[in-house]
Amino acid sequence: MATKKRTILIVEDEPQVIRLLSEHLYEAGFLIVKAMDGKEGLKKSLNEKPDLILLDIILPKMDGLTMLKKLRQDKWGKDAKVIILTNLSDGATVDTALQNGVYDFLVKADWKLADVVRKVKERMEV
Amino acid sequence: MPKEYYAKMWDTIKNKKKDFDSEITNRRKNGEQYEASIDVAPILDKKGKVLFFVGLERDISKEKAIDRAKTEFVSLASHQLRTPLTSVKWNIESLLDNGGLNAKQQRNINEVYRGNEKMIELINALLNVARIDMGVFSVETKKIDIISIAKEVVNELLLEIKKKKLRFTEEYGKGITPLPLDPQLIHIVIHNILNNAIKYSHPGGVVDFSIKKDKKSIFITVKDVGIGIPKHQQDKIFQKLFRADNARQMDAGGMGLGLYIIKAIADASGCKISFSSKENEGSTFIVQIPLSGMRKKKGERTLEHLA
């Protein structure tokens, strides 16, 4: 029995991060959609309705928190699963993200890539 | 400001007849908002009845703007620094996962990875120091079991302990019930003193770790028989970026920020850090926490996890 592959949207402007995350998540059996700025991220979220969104904060055109707030105003978007993946760690950013309902706030430099993949799998089981 | 704020102010100066000292967002005649520091005091007659109030207001918009700029700079700078380090970190992890390296290559790559991790740790430490210097870090307490945090830390350091073939003893006293602690901060403190003991021990040395309590306080004690601290440098060890001469020679990879950070945590939360040490014989560090727990402190953010 073939189960439908689940989709992860990566909203990230760093090419290295996109490449490495995509490779590992694809190997883990997920379909990957990419967006390189917040505006594209919002559009693709609402169009493709991914099972999980990995969202960076510092992004061109529209930053991650603004995109998140707009996403939450949408009927589908308000329940979308989001994990923040960023290298920003100031209090105000974390608070805003949590207030807008994210599963996790991960500081990239503090996480092994394999552990990020593990976290994603954990969250997808819900 | 919200209604409750003014209610509190009037209650303080009129009913409680006390000084009211606070920061406020106020509005100019032209409608523009600004930030001010206010101090309102009731003036009482001989019978203790309120005659009138004296209020002092100081426009602190500029100071606040400078503080915000400093916080943003530190945040942004650390973000920029972390970006390439993340790329190195994850690329090396991928490389190692793929295998196919000979022993020499593995060793070289492992050293690159280690150096990269040290830089990440340094950025976190610098972020912490910046937050401490600007007074913006918070102490957010909740009732937790200190022993479970201690065990987490020990677990994180087990590999290092094994690598150095240290004889490690762990002792947890009876009757230590959950108390108000900031989990992140207490983790940083325990991690730092334990990590120092391990770093500055000779291979095959002994490290004793214990948490005990008496009638008033909880004591976290770490004892090692390593390089110790030279007597004439002992008064400097809590200074920023200070590393004793023998520590530098050992190449244990410290930055001289750990003790500065944990001393700031202790001072802010009502705890005490003390130590005794003799060069070439070892050191004992003791963290004392009152049974009432860590004292809360309002701030913008708790500190970064190190290592």
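What to note about this one:
- If the condition is being surrounded by fewer than 19 Cβ atoms within 10 Å (Cβ to Cβ) and among the aliphatic types (A, V, I, L, M), then the stretch A:1-17 contributes A:Met1, A:Ala2.
- Within the stretch B:92-116, tally of residues that are surrounded by fewer than 16 Cβ atoms within 10 Å (Cβ to Cβ) and either in contact (Cβ under 8 Å) with a residue 40 or more places away in the chain or within 10 Å of chain A (Cβ to nearest Cβ) (or both): 2
- Of all residues in the stretch B:58-73, those that are hydrophobic (A, V, I, L, M, F, W, C) and either at the interface with chain A (Cβ under 8 Å from one of its Cβ atoms) or under 20 Å from B:Asp39 (Cβ atoms) (or both) total 1.
- For B:Gly135, the conditions (1) within 14 Å of chain A (Cβ to nearest Cβ); (2) assigned to a helix (DSSP H, G or I) are fulfilled apart from (2).
- Flag if B:Arg82 is part of a helix (DSSP H, G or I), of a type in the set (Lys, Arg) and in contact with a Ser or Thr (Cβ under 9 Å, 6 or more places away or on another chain): yes
- Per the listing B:Ser292, B:Ser276, the residue uniquely part of a strand (DSSP E or B), surrounded by fewer than 18 Cβ atoms within 10 Å (Cβ to Cβ), at negative phi and away from chain A (no Cβ under 14 Å) is B:Ser276.
- Condition check for B:Asp235: surrounded by fewer than 18 Cβ atoms within 10 Å (Cβ to Cβ) and either in contact (Cβ under 8 Å) with a residue 60 or more places away in the chain or closer than 24 Å to B:Thr177 by Cβ (or both): no
- Any chance B:Leu122 is exposed (fewer than 14 other Cβ atoms within 10 Å of the Cβ) and farther than 29 Å from A:Leu25 by Cβ: no
- Qualifying residue in the stretch B:147-161 (condition: in contact with an Asp or Glu (Cβ under 7 Å, 6 or more places away or on another chain) and at pLDDT below 95): no
The values are calculated or read from the model by the stated rules, or taken from the named source; none is laboratory data. All of these numbers come straight from a predicted model, not from anything done at the bench. Note that each Cβ is placed from the backbone with ideal geometry, even for glycine, and that neighbours are counted across all protein chains shown.
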